């Protein structure tokens, strides 16, 4: 689906969502549903310090609003902007700040839902889509926390070894189906049905899909991460015993 088709399938007045450069911003009412604050990245654009700072400021403004309207974050980006300027300005801190602002908005009562409709990778993916309380996607989306050549450089494992592991372990593999299996993506939306109804249903669905961050539990149930949930529980119990 194109961005225009997505907005038309979601909102009563899709023209209320404005495109500024490669950033989306606005507030619109979902068809047969509530109003949403809408933010996002489009055109497979990289996420640099300028866009991260602007998006963080917009999220902070929403977090302090009294309307408690949920946030829909539309994502179609590449990775973080890997330029000398951005790195010297402390890009990692800007990305962390944006992620923390989204967590703050969620804790302040604004549900945060990311819709991945294109690509996203690395720091940009982590600071936007994965920083939201719930991540959903459309078919054809392509998320990558880290591609295999980059993973080979970091882990010092050969690319052949990583390709072999990616074939059997979704944690090592990029792509939509693998992120669903590990629990990173809660569900894939059906583009043949109105997206508005699916978004409203998601907003009011049970807590095992939205609300508390239960990605590890979803990953365990789907067989993509069989140990993460148990280890998280054990770590929490150990921490409580030593308080």
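The values are calculated or read from the model by the stated rules, or taken from the named source; none is laboratory data. All of these numbers come straight from a predicted model, not from anything done at the bench. Positions of Cβ are generated from backbone atoms using ideal geometry, with glycine treated the same way; all protein chains shown enter the neighbour counts.
For the range 28-53, enumerate the residues that are within 23 Å of residue 63 (Cα to Cα), in contact with a strand residue (DSSP E or B) (Cβ under 8 Å, 6 or more places away or on another chain) and surrounded by 17 or more Cβ atoms within 10 Å (Cβ to Cβ). Can you show your working first?
First pass over the range 28-53, keeping only residues within 23 Å of residue 63 (Cα to Cα): 28-30, 33-42, 47-53.
From what's left, in contact with a strand residue (DSSP E or B) (Cβ under 8 Å, 6 or more places away or on another chain): 28-30, 35-42, 47-48, 51.
Result: 28, 30, 36, 37, 38, 39, 40, 41, 42, 47, 48, 51.
With a cut-off of at least 1 residues that are closer than 22 Å to residue 6 by Cα and under 18 Å from the mean Cα position of the chain (by Cα), name the helices (runs of 4 or more DSSP H) lying wholly within the range 154-205. Outline the logic, then answer.
Numbers: elements: 159-166, 176-181, 195-203.
Per the criteria, 176-181, 195-203.
Residues that are under 30 Å from residue 97 (Cβ atoms) and part of a loop (DSSP other than H, G, I, E, B) were ranked within the range 139-153; the one that is modelled with the highest pLDDT is 141. Taking first residues from the range 33-57 that are on the phi > 0 side of the Ramachandran plot and without any contact (Cβ under 8 Å) to a residue 40 or more places away in the chain and partners that are surrounded by fewer than 17 Cβ atoms within 10 Å (Cβ to Cβ) and in a helix (DSSP H, G or I), no Cβ contact under 7 Å between residues at least 6 apart in sequence or on separate chains turns up.
Of all the listed residues (83, 79, 107), the sole one being over 14 Å from the mean Cα position of the chain (by Cα) and closer than 28 Å to residue 180 by Cβ is 107.
Quick grid of which residues meet (1) at pLDDT 85 or above; (2) farther than 15 Å from residue 180 by Cβ:
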| site | (1), (2) |
| --- | --- |
| 206 | no, yes |
| 219 | yes, no |
| 223 | yes, no |
| 237 | yes, yes |
| 243 | no, yes |
